[in-house]
Structure formats: C-alpha cells, structure tokens
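All remarks here apply to the structure that follows.
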Amino acid sequence: MHIKKTLLPHHARKSLPENPITLPFGRHFTDHMFAMEYRDDAGGWNSGEIKPHQPLQLDPAANILHYCQQVFEGQKAYRSPQGKILLFRPQEHARRFNQSLRRLCMPEVPEECYLKAQRELLEVEEQWVPQTHGAALYIRPTVIGTEGALGVRSSAAYLFYIILSPVGAYFANGLQPISLWVSDSYSRAAAGGTGEAKTGGNYAASMLGGKIAKEHGCDQVLWLDAGTHRYVEEGGSMNIFMVIDDKLVTPALSGTILPGITRKSVLELAADEFGIECQERQIAIDEVIEGIKNGRITEMFCTGTAAVIVPIGTLCYKGARYELPTAAIPDAPTIPTAPPTSTLTQKLYDYLTGLQYGSIVDNRGWVVPCAAL
Ligand code: COI
C-alpha cells in the first residue's frame, strides 16, 4: 500500500505547544491526518492519504450520524530519553480495533495497514511527540460508516482516519485520587451488547450517568453489571482494580467490559515484577464497601491508555461516602531510576510509564520504536 502525502508547507504549520504537560486532553491537534476509504462496490479499502487535518464532508444521511457504526482506538506515542518515538503494544491495539470492527459489523483494517498508516503519519508529525515525561502524542484511529442511506443495515462505505493530539494528564487534577459515584440504576453495557467493543455508542450510553455523578460531587461513575446491579464492572471509561488482602483484583472480562491493554499490562507487571497475586473475578459492590470499611481494601485505581493509572480516593454509594487511604501520584512524575517502594498503585504507575517512555528496559516486546512498525 502506497500512502499519498499532501502536506502543508512549513510556514503554514502550527507552532508546537510550549508546555504539553498542561494541555487539556484532546483539544489540540497536529497539522495532518491519515484517511482511507472503503467501498463495497470498489473492492474494499483504497490506499489512503496523509493530508492536512480538516473537517470531514459527510452526507447528512451518513450511517454514522443515524445508526452509529463507529469504532475507535486510543494509543500514545512517547519520546524516549534518547529522542526515539516509542509505541506501546501497537499490535494489540490493531487486534482490538479489528475485534471491535467485527462486533459492529464493519470491515476490518488489515493490521499491516493500521500500523503503516500510523508509522507514516507519525514520521510526518514527528516533532509533535513531546519531550516531556508525562506528556505524549495521543493517537486516535477511527472508522465510521459513511454511506448516505436511512435503511437500518450495515453501511456500504466507510472512512478510516487517524488524528493526533498532544496531551498531558487526562484529568484536570493530574494524578490526584478521583471520586466515583456508584450507579445502581444506569448501566454502561449489557450482556450480549457492545460493552467489550471500543465504540462511541458505549460512551454515549455513559454520559447521563457521568452527569449524575458530577451532580453528586463525584468525578466519574463506578458502573455495575446491568443485570443485577451487584457486580463492579468499570470506573468511568476505564478498567478498575483494587488491592484486597494484598491481592490485586479486577473484574473478569465478561463481554461487557473493555479488554484494556493497560489492564492486561498491569496484571502481568503486578505478578511478574512485584510478586503480587492477581485475581480476575466477579467483585460484588457489597464486598467493596465492606472491604473499605474493615480495611481489607487498601488501594483502588483505574487504568486506561489516556489516564494510565489513576488512584481512586472516594466511593459514593447509596448516599454514603467511603474514603480510601489512597495517595496521589506526584503530578510531575520523575523518571524512575530505582525500584519504587510506595503503594502498589505508584509502583505500577512508575514501572508502566518507565517502560512506555523507554527509561526501563522492556524484555517483553511491548515497546516498539515507531520506525519498526
Ligand atoms: C482510554 O483510556 O484511552 C480511553 O479510552 C478513554 C478515552 C475514551 C478518552
């Protein structure tokens, strides 16, 4: 596949952000994007183009605007101390992208196209990958149904595009502990639905719960299962973990939970690097509340590509507040040089970001230089 490039002259490009660590998440974009079209009647995907970041032109009847065939990924490009651009488990993201596409009845993007498009776009936008530890260039690959047709069926045309956004911390308060409001009425996803796919509809379904959480003075929702409202599923738009009796416990992937790549990495690092027993199982909200009250739960945190690892400090459930002894992760994390000694949350954060930014040697093949994609 040969990717055509239509690039802006250098004098027409934006200036780089001075302090990317302070940028609000996903509000600034680089100069260029990648776009590639699919048509049933043209034999599938064309070969794609890198062109100036620009608005999309869509038929007002486009499938995405009515029936929401949409899938996305979230990845980051990191700058190593030697100045190299690194990606974290990019093939895993490509695989999950295709799993989501299959679930939404959309055409898959061949893994090599997905990776090549990313590499070539990042090469064009190389200078946008921040130098600062803690900041990164967020990568948002997306596919939307573009056919203009109001009959309810799979679109016959799609657009795959990638946009890039320099980002600092996901939450305005950096890595301060967040508060979660436990929703026992709204659900994010139901069994048999699209909960394990990374599709915009899941996030749309979560907005009202999120609004109510804010009205209760909380940052995000702790989602319970849709069937019984008894079991913990996710925290906001992230996976959720807790340390119970010194074991790291997270809800088992049940079909309604996003199979997070940070989630998977955290489980492996906790076991291999810190010798922690990990459990993936059902966790009843009653067990969580009881565990906070009697001190058996010592830490809770959420994970995701955007936020990495964010500590949970408070749960609000049935009108009561439950406080955890969780400490903040320092706002401007230093590059770890010695084994950390603090909470598991902090240790995992330091280790994971150390790998991602290339200051800790990766023996697992997780960290891939952009040039090797
Ligand atoms: C991530 O953690 O990367 C997410 O998917 C959250 C995102 C929707 C901003």
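A few comments on the model shown:
- Taken over the stretch 156-177, the criterion of being farther than 17 Å from TYR78 by Cα, among the small types (Gly, Ala, Ser) and assigned to a loop (DSSP other than H, G, I, E, B) is satisfied by ALA156, ALA172, GLY174.
- Matching residues in the stretch 178-208 - criterion: being in a loop (DSSP other than H, G, I, E, B) and free of Cβ contacts under 8 Å to residues at least 60 places away in the same chain: SER185, TYR186, SER187
- Against the conditions (1) modelled with pLDDT of 95 or more; (2) of a type outside the set (S, T, N, Q); (3) more than 16 Å from the ligand (Cβ to nearest atom), PRO325 satisfies every one except (1).
- Check on LEU315, over 30 Å from PHE97 (Cα atoms), surrounded by 19 or more Cβ atoms within 10 Å (Cβ to Cβ) and modelled with pLDDT under 95: no
- Just one of the listed residues (ARG153, ARG140, ARG102) is without any contact (Cβ under 8 Å) to a residue 40 or more places away in the chain and either under 21 Å from ILE309 (Cβ atoms) or part of a loop (DSSP other than H, G, I, E, B) (or both), and it is ARG153.
- Of all residues in the stretch 3-12 being part of a loop (DSSP other than H, G, I, E, B) and in contact with a strand residue (DSSP E or B) (Cβ under 9 Å, 6 or more places away or on another chain), the one that is nearest to the ligand (Cβ to nearest atom): ILE3
- If you go through the stretch 18-39 and keep only what is more than 16 Å from the ligand (Cβ to nearest atom) and modelled with pLDDT of 95 or more, you end up with THR30, ASP31, HIS32, MET33, PHE34, ALA35, MET36, GLU37, TYR38, ARG39.
- Residues that are surrounded by 23 or more Cβ atoms within 10 Å (Cβ to Cβ) and within 19 Å of SER100 (Cα to Cα) were ranked within the stretch 234-245; the one that is farthest from the ligand (Cβ to nearest atom) is GLU234.
- Residues located in the stretch 66-85, provided they are part of a loop (DSSP other than H, G, I, E, B) and either within 15 Å of the ligand (Cβ to nearest atom) or hydrophobic (A, V, I, L, M, F, W, C) (or both): CYS68, GLU73, GLY74
- Verdict on VAL243 being within 18 Å of VAL310 (Cα to Cα) and either in a helix (DSSP H, G or I) or over 21 Å from the mean Cα position of the chain (by Cα) (or both): yes
- Being more than 16 Å from the ligand (Cβ to nearest atom), in a strand (DSSP E or B) and closer than 28 Å to PHE97 by Cβ is a property that VAL221 lacks.
- Just one of the listed residues (LEU258, LEU253, LEU269, LEU248) is more than 15 Å from the ligand (Cβ to nearest atom) and over 21 Å from ASP350 (Cβ atoms), and it is LEU253.
The values are calculated or read from the model by the stated rules, or taken from the named source; none is laboratory data. Bear in mind the structure is a predicted one, so any value in this text is a computation, not a measurement. Cβ coordinates were reconstructed from backbone atoms using ideal geometry, including for glycine residues, and neighbour counts include every protein chain displayed.
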